[in-house]
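Below you'll find the structure, written out as structure tokens, and then a few comments.
The values are calculated or read from the model by the stated rules, or taken from the named source; none is laboratory data. Keep in mind the model is a prediction, meaning the values are calculated, not measured. All Cβ positions, even for glycine, are placed from backbone atoms using ideal geometry, and neighbour counts span all protein chains on display. Accessible surface areas use protein heavy atoms only, side chains included; no ligands, DNA or RNA. Shrake-Rupley method; radii C 1.70, N 1.55, O 1.52, S 1.80 Å.
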Amino acid sequence: DEQELIRNFCIIAHIDHGKSTLADRFIEKSQIISSREFQSQLLDSMDIERERGITIKSQAVTIPFTSKDGKTYKLNLVDTPGHVDFSYEVSRAIASCEGALLLVDATQGVEAQTLSNMYMAVEQDLEIIPVVNKMDLPSADIGRIREQVDHDLGLDPDLIFPVSAKFGTGVDELLEGIIEWIPSPKGTLDKPLKANIFDSHYDPYKGVIMHVRVFDGELKLGEDIKFYSTGKVNKVEELGYFRITRDSKKSLKAGEVGYIIAGIKDISEVRVGDTITTLKNPCEEPLDGFRDVKPVVFSSIYPVDADQYEDLQAAIDKLRLNDASLVYEKDSSAALGLGFRCGFLGLLHLEVIQERLEREFGLNIVLTSPSVRYRITPKSGEVYFLDNPTEFPDPGVIERAEEPYINAVIITPSEYLGNIMNLCTAKRGIQTELEYLDEKRVEIKYEMPLAEILFDFYDRLKSVSRGYASFDYEENDFKETELVKLDILLNGDVVDALSQLVFKGSAYDKARNVCKRLKGEISRHQFKIPIQGAIGSSIIARETIPALRKDVTSKCYGGDISRKKKLLEKQKEGKKRMKMVGRVELPQNAFLSVLRTD
Ligand code: GTP
């Protein structure tokens, strides 16, 4: 059985524990590309990923490996992202594997996302191999990690593979370990085709490229495939394995991971999580679906230049195909025109989408204040959800407003406990648990409003714990809150794109901060500009930008004409990134930057 020579596995870990580096070593060892072509963090193919050094999209690759037993195996490696915003990607990747390497940094130990990713793998019945990375570092403490693997993770410490992904030490042993410990897939070749789309991306020449795991049956080139959810039928034009580039084959069989191209140009036809079967011999039931995507942060995206609206639509459509967790609908604003209301998995996800729209699609965009989704019970009529400040009703008609809460889990060295408790209390957190994991580390749990952790919570946590505390959360229920709409007025007019839904108790501080920050972002105009924060008709904060007194060029004394030109040129350059709001020029980044910190 060919499946005996296949191992499908993923690497899961807390952020920065070295997944991408380990994946690089595997690829390097397999020599599927020459060392000249080798670039570090190969699987992180997007620019943003390289620059930030984080993995955002899961990527698949097939690696040949000849074991000590003389047989050559096909290892299908799925690299997964570690950041909490992207756990959706992790769950989809995990569902297409039989095993997982759980990577733990030897100098950091088990952290919050080590645990949450492991639970996800356990839920899918994956075989888990504990791997301790960064063994080359002098502060690596294998004894301590062995205890954590045993006590915190409940895994067998004797199964640990110590490695240095950076220098490749222990990687050969680990590859043998994968062959030995991770089960081969157990599909049935002569059953009808059952394949799972776990990801997809768009190629300008080939159209939609689906990333699939075949569970049962065999799919051949030229066959007609049927999508379970839509019933649509398409002919397979190309299929094969991922080896950094596409390696086309004649068929994909039970147990294999690869790609399918079926002449699909309309990106809305492919749904990640869907089951593919053949038209001729369809399977009876689809595979279990993936977890539902639940966006938690909402914001509207507008083009700076109204002419780019259609380009923006096309770009978002394309991103959506590659990123099933992005949801959106049309939106419009008095200040900004036509745009899209989008849902994101978190603020990092939002920033990634923003950057991709700007860089990959060359768009100039504006994002409005990110918001969570509130539950509103009106005095009469049905309960509904509200995330868009422009849809905030007359407060008089609201019987009850509720906001989403999360259960936060924080693991920290005990010396930072006091700082962290202060931070959580300031964020309206309610402590639910405090447990010493060992003499030095504490696990604390809080119930907190989601809105409070959206912005700078993670950064603040890192700074009050000198980077040592780790954090993870899951959704809890809705709890009653006092909700108000905070408006920002520029030169007397409400700028709808700057309105926010906020907890009443924080409204004054928020209003003051936004006004102050806006003042810093807007340059002087020919006239005086009042900036005001208001709830309904009452003004709760105010700043003023004084009028410009002199011409910008007047400071170039002596009438140096070329300097004067340069200055005017520069001013023009600056204007391109500006959005006119009434008579006021607002820099494009003002929308997000003034709103992000509280
Ligand atoms: P995300 O993709 O962001 O989740 O991170 P990751 O887990 O993929 O981590 P990555 O491979 O980007 O490594 C994080 C940092 O640790 C990088 O600076 C690596 O160079 C470093 N690193 C990874 N493995 C080792 C190792 O074995 N030894 C040492 N000294 N550094 C390592």
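7 Å from Cα along Cα→Cβ at both residue 311 and residue 229: what's the point-to-point distance in nm?
Distance between the two pseudo-spin positions: 3.0 nm.
Please state the charge dipole magnitude for segment 325-482, taken about the Cα centre, from unit charges on C-beta atoms (+1 on K and R, -1 on D and E), reported in debye and rounded to the nearest 20.
Dipole of segment 325-482, to the nearest 20 debye: 320 debye.
Cross-link list 186/226; 232/294; 74/265; 235/330; 265/318: which exceed 21 angstrom alpha carbon to alpha carbon?
Long pairs (Cα-Cα over 21 Å): 186/226; 232/294; 74/265; 235/330.
Take 274, 305 and sort them by solvent-accessible surface of the protein heavy atoms, 1.4 Å probe, largest at the top.
So the residues, ranked largest to smallest area, are 305, 274.
How big is segment 128-287 along each principal axis, measuring the range of its Cα positions in Å and listing the largest first?
Cα extents, longest axis first: 56, 34, 26 Å.
Taking amide H atoms as placed 1.01 Å from N in the peptide plane, list the residues 5 or more away in sequence, or in a different chain, whose amide H sits under 5 Å from that of residue 105.
133
Compare 120, 135 by solvent-accessible area with a 1.4 Å probe and give them largest first, with all protein chains kept in place.
135, 120
Using a 1.4 angstrom probe on the protein heavy atoms only, could you order 188, 277, 245 from most to least accessible area?
Most to least solvent-accessible, the answer reads 245, 188, 277.
Taking the solvent-accessible surface of protein heavy atoms with a 1.4 Å probe, what is the per residue accessible area of segment 89-221 in Å²?
Details: 5170 Å² over 133 residues.
Computed with neighbouring chains in place, this is 39 Å² per residue.
Using only the alpha carbons of segment 235-391, determine the length spanned along each of the three principal axes and report them from longest to shortest in whole angstroms.
Reported extents, whole Å, longest axis first: 57, 41, 26.
Quick one: accessible area per residue over segment 362-478, 1.4 Å probe, rounded to a whole number of Å²? It would help to have the intermediate numbers written out before the result.
Values: 5320 Å² over 117 residues.
It amounts to 45 Å² per residue over segment 362-478.
Just read off the accessible area of residue 118 with the full protein assembly in place, 1.4 Å probe, to the nearest 10 Å².
Its heavy atoms expose roughly 10 Å² to the probe.
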